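What follows is a short report on a single structure.
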Amino acid sequence: MKKLLLAIIIAAVAACSDAFARRDFLRVEGTRVVNASGEEFRIRGTNLGCWLNPEGYMFHFPSQASSASRIDEGLRQLAGPEYMRRFWQEYVDGFITEKDIQFLASSGVNTLRLPLHWKMFTDEQYLCFGPASDGFALLDKVVGWCRNAGIRLILDMHCCPGGQTGDNIDDSEGYPWLFRDSASQDLLTEIWVSIARRYRKETVILGYDFMNEPVAHYFADKEDMYVLCTELYQRLCREVSKVDKNHILIIGGVNWNGKFTPFEGVDFGENVMFQCHIYKCPPSTGSIRPFLRFRETSGKPMYMGETGENTDQWIEDFRKTLDSVEMGWTFWTYKKLDNPRGFISIPRPEGWDKICGFLSADRSSYAAIRDAREAAGDLRPVLDGFLENLPFEKCVVNYSYIRALDFKP
């Protein structure tokens, strides 16, 4: 009996120790991320892309429905506003659940990057979100899931007011108006301060990723916007630090998080980490050499927030490259429709091509919308089939992809 009691006590102490470890804030120390004991924490994980910021390519949709707002517009034209209110609620409820988080934790993932849309934290209607309290309630739920699973969480503002990228990725109007519109900058700052104030004591959260992939390379005035982007980052660091000194502040490079020269010599604060992205490159050290140089000159950590979308062999080779240079990573992305290049794949429902066909049809006038809808017929059962395939237990686990990342599904 005494041995059993001792075993129970030891197990309880171990559990408490694990729980305490998860309560530590992570912080920047030189070019490393460390816990309260000074032990290095190497980020190894994935993104929860397409959940709260749907992107058309992950549904195999045509370019006419490439962003969240364009997807919503097209599907409303096809299925009606009342149906779509239900659709988006079931989509958000089913795309990621606690089962997904537990599966990721059991595979060995220690960090998740969560792409967010700015409208979630305002009273603007977005997907199934109404008042700002809806967005915070969902985020509270995810934080709780990650706490239960022992996973750290990076909050990524994938879509900023006005648009920081000027492409479908930020659900914008085709130009990075954020850097030209002071009201949008004020709103982004207000949103981040609200998030920081709410979660300032939450140790599950690793850090705040202020702007995903700011300033695409397309624009003739991009050099001017680099300066404006740098100034906005400084403002965000300054204002968020006033209410929250606990969390790491994450600075992504311009040009799809690929260029850091505009930040050389710029002081963003102490608890700062830089973030790079790269796709479609040789999976070798040469592809990331500029990022490594900036890590050296800045004296701050550099973290690969997005990469992947490639073969299992490429994934394995590049993951090994990142590990060899001690760079943390979250590969893109956890879950997509009918695609092996992620942890799990949503089965494609029968008739899905008809959805894509409607979205690619001419809908440039109300008459054209009517004609396209009549030609398509009632496709709501197809959309219902997609929703039925969303839950984790209905999805296909891509074991070879997971093993390529050195996880154990």
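Coordinate-derived values only; no laboratory data. The model shown is predicted, which means the values in this text are computed figures rather than measured ones. Positions of Cβ are generated from backbone atoms using ideal geometry, with glycine treated the same way; all protein chains shown enter the neighbour counts.
For the reader, a short list of remarks on this structure follows.
- Here is the P(r) of region 282-409: all C-alpha pair distances, binned every 10 Å from 0, give 12, 29, 22, 19, 14, 5, 0 in whole percents.
- When ARG289, ARG147, ARG86 are arranged by Cβ crowding within 10 Å, least crowded first, meaning fewest neighbours, the order is ARG289, ARG86, ARG147.
- In this rough spin-label picture, where each label sits 7 Å from Cα along the Cβ direction, the SER194-THR311 distance is 4.7 nm.
- Charge sum, other residues only, whose C-beta stays under 9 Å from TYR208's C-beta, Lys/Arg counted +1 and Asp/Glu -1: -3
- Net charge contributed by nearby residues that have their C-beta within less than 11 Å of PRO381 (K/R +1, D/E -1): -2
- TYR57 paired with VAL227, simple spin-label distance in nm, labels 7 Å along Cα-to-beta-carbon: 3.2
- Applying a threshold of 27 Å to the alpha-carbon distances of LYS201/LYS394; LYS320/LYS408; LYS119/LYS394 flags LYS201/LYS394; LYS119/LYS394 as lying beyond it.
- Helical segments meeting 27 Å axial Cα length and Kyte-Doolittle 0.0 threshold in the chain (DSSP H): 2-23
- Protection-proxy order for peptides 51-63, 221-233, each taking the mean of Cβ atoms within 10 Å per residue, highest first: 51-63, 221-233
- The label point for LYS354 and the one for GLU98, both projected 7 Å from the Cα toward the Cβ, are 3.8 nm apart.
- Once you reduce region 135-155 and region 19-77 to the center of their Cα atoms, the two points are 12 Å from each other.
- Packing around the peptides 178-184, 158-164, taken as the average count of other Cβ atoms within 10 Å per residue, puts them in this order, highest first: 158-164, 178-184.
- Look at where the Cα atoms of region 203-220 and of region 269-313 average out, and the two centres are 14 Å apart.
- Label point at ALA137 placed 7 Å out along Cα→Cβ; residues across region 40-68 whose backbone nitrogen lies under 19 Å: 52-53
- Calculated P(r) tail over 30 Å for the chain, as whole % of Cα pairs: 42
- Rh by Kirkwood over Cα pairs, then Stokes-Einstein D for region 78-133 at 0.890 mPa s and 25 °C, µm²/s: 184
- log10 of Debye I(q)/I(0), alpha-carbon scatterers only, for region 340-409 at 0.24, 0.26 Å⁻¹: -0.98, -1.06
- Most to least packed among 127-136, 253-262, 32-41 [average Cβ atoms within 10 Å]: 253-262, 127-136, 32-41
- Fully extending the segment from VAL325 to GLU73 would add 86.3 nm, taking 0.36 nm per residue of separation and subtracting the current Cα-Cα distance.
- Estimated FRET transfer efficiency when R0 is 25 angstrom, pair ASP24-LYS245 (beta carbons, to 0.05): 0.95
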